[in-house]
Structures are given as C-alpha cells and as structure tokens.
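Working notes, beginning with the structure itself.
We did not get these values from a lab; they are worked out from the coordinates using the rules stated. Quantities reported herein were computed from a predicted structural model and do not represent experimental measurements. Positions of Cβ are generated from backbone atoms using ideal geometry, with glycine treated the same way; all protein chains shown enter the neighbour counts.
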Amino acid sequence: MSTPQDSLHLDARALKVLAHPLRSRLLSQLRVNGPATATELAAALGTNSGATSYHLRELEGVGLVKDTGEGQGRRREWAAATSSHSWNDSELRDTPDARAALNWLGQHYAHQFAEQMQRWNEAKDAWGDQWVDVFGLSDSFVIVTPEQARELHAELDAVLARYREADAGDPRAVRSQVHVHLAPLDPFAVPGAPGRQDAP
C-alpha cells in the first residue's frame, strides 16, 4: 500500500465535491481503515454499492481518493490519496457555492468532533489510568496577531507530523485523533470594526 501524500490543498471545485454527507464519510472511512472496495464501503456505511461507486469517482476526480489498481468493477479497490486536506477560507468565500460548502463542512466537522468526544466519554471507563489521564478535552486561551496565529498553526502541524507514524510498530500504541480549533473568544468583536474600542 502506498503512503498518501501529506495533504491536498482544496480549491473551490474540490471543496464543493467534498461537502456531501456520503462523500465526507467515504473519505474518512478510507483514511481511518485503509483501502476498500465500493461493496465493502457500502456495507460499512449502510448504503448501496452503486451510489458508493459514483461518489468515489467524484472524489477521485478532485484528487481525494484513488484507484489502487487492484480488482475490477465493484471489486476495484479504493484508497485515500491524501492523509489530510486543507483550504484557505479567504480564497473561497467570495463564491456563493464555495461559501455554502465551507459552512456545511464546518458544521459537519463540528458535529463529528462532538460525536467522537461523546463516544470517548461513554467508553473511557474500560481504559486504564495511563490512557484516561492523557486522553480527553482541554482548552487554552492565547492572545495572537494574525501572523502569530499562522505561526502557531505551523508549530502545531509540525508537532503532529512528528507523531503521525512515530510508534506505529509498538503494540501498545493506538491510533488517536487530535482536533485543532483556533478561533477568537468573541467572534463578533472584529478588530477595526466600527464601534470597537481597541486597547491602546
């Protein structure tokens, strides 16, 4: 199995393709569980293989999934072409369709993150102390300029990259997820907006 490239920067077309409930789930399934056929994905996600095949081809068209070359027809094997993806809101929000896709994806990911956190809360009593003491939710408050926020993102990305495959061969290691959400504490207090009193 080939290693996916680290990340794909999405343009407006790719973003609109991804902003679909089944396509987003298909991509997540392939990233988490590895290559699979349309039939296997349909069974895992509770849909039919015809719909799954169609949406896989749509994702392939924008570079998010790929045909591994194994199998034929509905036995064709698909894999995630990337380990992650990203986009810049500023490049996309002036296009109504892309803006709608941005909003949908933001809400979809927030819902997924909340669901995953709830699953951990329900299951954690079965895990040992060494795990429950390090897994969970935390938050911090920082004061940053746009340049510092960009630098913070880059530093966090670098830390995560170091751990992505660090102990993949250790039988004690488990696949874990890290959510990064950097946002202003008061999103309606826009710097430089009329009526705002900035500190001297």
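For the range 51-120, the list of GluC sites (Glu not before Pro) that fall in a loop by DSSP and count at most 16 other C-beta atoms within 10 angstrom reads 70. From helices alone, the chain scores -14500 deg cm²/dmol at 222 nm; the rule is -39500 (n - 2.57) for each run of n ≥ 4 DSSP H residues, then divide by the residue total. Put simply, the amide H of residue 65, placed in the peptide plane, has neighbours under 5 Å in 60, 81, leaving out anything fewer than 5 places away on its chain. Quick query: amide H of residue 8 versus all other amide H atoms, modeled in the peptide plane; which residues come in under 5 Å with a sequence gap of 5 or more or a different chain? Long-range HN contacts for residue 8: 84, 85, 86.
Residue-wise HN-Hα couplings along the range 150-161, as the Karplus relation 6.51 cos²θ - 1.76 cosθ + 1.60 with θ = phi - 60° gives them from phi, are 5, 5, 4, 4, 5, 5, 5, 4, 5, 5, 4, 4 Hz; Gly and Pro carry x. Positive end of the dipole of the range 93-169 (Cβ unit charges, origin at the Cα centre): among 120, 154, 104, the Cα lying farthest that way belongs to 104.
A convex hull fitted to the Cα coordinates of the range 123-186 yields 107 cubic angstrom per residue. Based on Cα contacts under 8 Å between residues 6+ apart, the range 1-105 shows a relative contact order of 38 percent. So if I take the centroid of the Cα atoms in the range 11-40 and the same for the range 118-139, what is the distance between those two points in Å? So the separation of the two Cα centres works out to 28 Å.
Here the Debye sum runs over all C-alpha atoms of the chain as equal scatterers in vacuum, and log10 of I(q)/I(0) at q = 0.15 Å⁻¹ comes out as -1.18.
As an exercise, use a Förster radius of 25 Å and the Cβ-Cβ distance of residue 127 and residue 28 to find the FRET efficiency, rounded to the nearest 0.05. Between residue 127 and residue 28 the formula returns 0.65.
Relative contact order of the chain, taken over Cα pairs closer than 8 Å and 6 or more residues apart, is 19 percent.
Per the Kirkwood formula applied to alpha carbons, the range 8-86 shows a radius of gyration over Rh ratio, Rg over Rh, of 0.93.
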